[in-house]
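> Can you read through this structure? Questions will come right after.
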Amino acid sequence: MNILLAMIPAFFWGTTYAMTQLTLPDWPALLLGALRALPAGLILLAIKPSLPNKADWSILIKLGAINIAIFFSLIFIMALTLPSAISGIGMISVPVFAMLFHWIVSKKRPNLLQAISGAILIGLAWMLFDPRSISLNPIGLVAMLAAISCIIIGSTMTKALGSRIHWWTILTWQLIIGGGLLLIATGIQALIAPEQYINVVSQFSLTNSFGISWIILLNTVLGYSMYVWLLQRMSVVDFTFGGIANPIAGIVCGLVLMGESYTPNQYLLMSGMILASIAPTLIQLLRQRIITSNAVKIK
């Protein structure tokens, strides 16, 4: 049941790309990031007020900058420059980069199954993103790689904080701090290049309002609240398996909302990448279930 619940935030995160292209196509990425982060953080603060200790502000500012300000900006750059399906599929390569990061930095070697799955994922991604078969915006691809780096660094920092700061405080204040930084950056950009912001205000519509509400309430408040709530009640392995809903949402929303279409071979490559990304988690999950079942039978 928890795995099904874990698919809910993953699904909403996967809708970000198509929903942005459909309802907020000409909005600045900095503004979108600020609107996603700051209101969501303030809503969470109103639901359950919390205040970090004085000694924790420094690390929370760094976390808010990496996990929220930079990451959200990059996500919306991807949403505005890459097809929804490609963005969703590309982000499932996070475990491979995380594996390489921890191997290099922490000297933690991946096991054989992780290495094989990672190699397959890289090979499939190489074929899918081959410029001879599909034309992609290089700015969006660079933003994708940078966003993956933010996830890895931010997750490592968050895990280290888990033992000394309550998870709700981390979630709330990284959204508020990151949103505040984005608001400042948005103000500076609006002063330098006001035309795009003037267009946003003058052409504001119900469609824009729907898109903003979706991103704030479902993608962020609901998605991140369920994320931290579920991590207290299930293993990381189980939660990771629920993440399969993210790329599937990107593909389906791209097809239904944006009319994206690909060749059968490209859809096959996407399916292969999804399976390769969850294979180690699925096998580990099955092993745990078998061990638990055998232990029950012995008793």
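Read-outs: derived from the displayed coordinates by stated rules, not from any lab. Keep in mind that this is a model prediction, so the values were computed, not measured. Here Cβ is always computed from backbone atoms with ideal geometry, including for glycine, and neighbour counts include all displayed protein chains.
> HN-Hα J couplings of the stretch 35-50 from phi, Karplus 6.51/-1.76/1.60, θ = phi - 60°, integer Hz, Gly and Pro as x?
Using θ = phi - 60°, the values come out as 5, 6, 8, 5, x, 5, x, 5, 5, 5, 5, 5, 5, 9, x, 8 Hz.
> Across the chain, where is the longest run that never hits chymotrypsin sites (Phe, Trp or Tyr not before Pro) in a DSSP loop with at most 16 other C-beta atoms within 10 Å? Don't jump to the answer; show the numbers that get you there.
On the way: sites that count: 129, 204.
Between exposed loop sites, the widest span is 1-128.
> If I stretch the segment between residue 108 and residue 261 completely, what's the gain in nm (0.36 nm per residue apart, minus their alpha carbon distance), one decimal? Write down the numbers at each step before the final one.
Numbers: separation 153, 0.36 × 153 = 55.08 nm, distance 3.99 nm.
Here the answer is 51.1 nm.
> Averaging sequence separations of C-alpha pairs under 8 Å and six or more residues apart, then dividing by the length of the stretch 96-228, give the relative contact order as a whole percent.
Working: 22 pairs, mean separation 28.5, N = 133.
Relative CO of the stretch 96-228 lands at 21 percent.
> Right, here's the next one. Given points 7 Å out from each Cα along the Cα-Cβ axis, report the residue 188 to residue 292 separation in nanometres with one decimal.
Between residue 188 and residue 292, the simple spin-label model gives 4.9 nm.
> With the radius of gyration and the Kirkwood radius both derived from the Cα set of the stretch 175-295, what is their ratio Rg to Rh? Don't skip to the answer; put the middle values down first.
On the way: Rg = 20.6 Å, Rh = 18.6 Å.
Over the Cα atoms of the stretch 175-295, Rg/Rh equals 1.11.
> List the relative contact order of the chain as a percent without decimals, with contacts defined as Cα pairs under 8 Å and 6+ residues apart. Don't skip to the end; give the middle numbers.
Numbers: 363 pairs, mean separation 133.1, N = 299.
Relative contact order of the chain: 45 percent.
> Loop only by DSSP, 16 or fewer other Cβ within 10 Å of the Cβ. Give me the trypsin sites (Lys or Arg not before Pro) in the stretch 115-184 that pass, ordered by residue number. Working shown, then result.
Numbers: sites: 132, 159, 164; in loops: 132, 164.
Here the sparse-neighbourhood loop sites are 132, 164.
> Here is a further query. Test of understanding: what is the full-extension gain from residue 167 to residue 206, defined as 0.36 nm times their sequence separation minus their Cα-Cα distance? Working shown, then result.
Working: separation 39, 0.36 × 39 = 14.04 nm, distance 3.48 nm.
Gain on extension, residue 167 to residue 206, equals 10.6 nm.
> I would also like to ask the following. Using 20 Å as the cut-off for backbone N distance, which residues of the stretch 108-123 belong to the label zone defined by a point 7 Å from the Cα of residue 145 along Cα→Cβ?
Of the residues in the stretch 108-123, 118-123 have backbone N under 20 Å from the label point off residue 145.
> Just how far, in whole angstrom, is the stretch 43-60 from the stretch 92-109 if you go by their alpha carbon centroids?
30 Å
> Full extension from residue 135 to residue 195: what is 0.36 nm times the residue separation minus their Cα-Cα distance, to one decimal in nm?
Working: separation 60, 0.36 × 60 = 21.60 nm, distance 2.90 nm.
In short, 18.7 nm is gained.
> For the chain, what percent of Cα pairs sit more than 29 Å apart?
On the way: 16318 of 44551 pairs.
So the portion of pairs separated by more than 29 Å is 37 percent.
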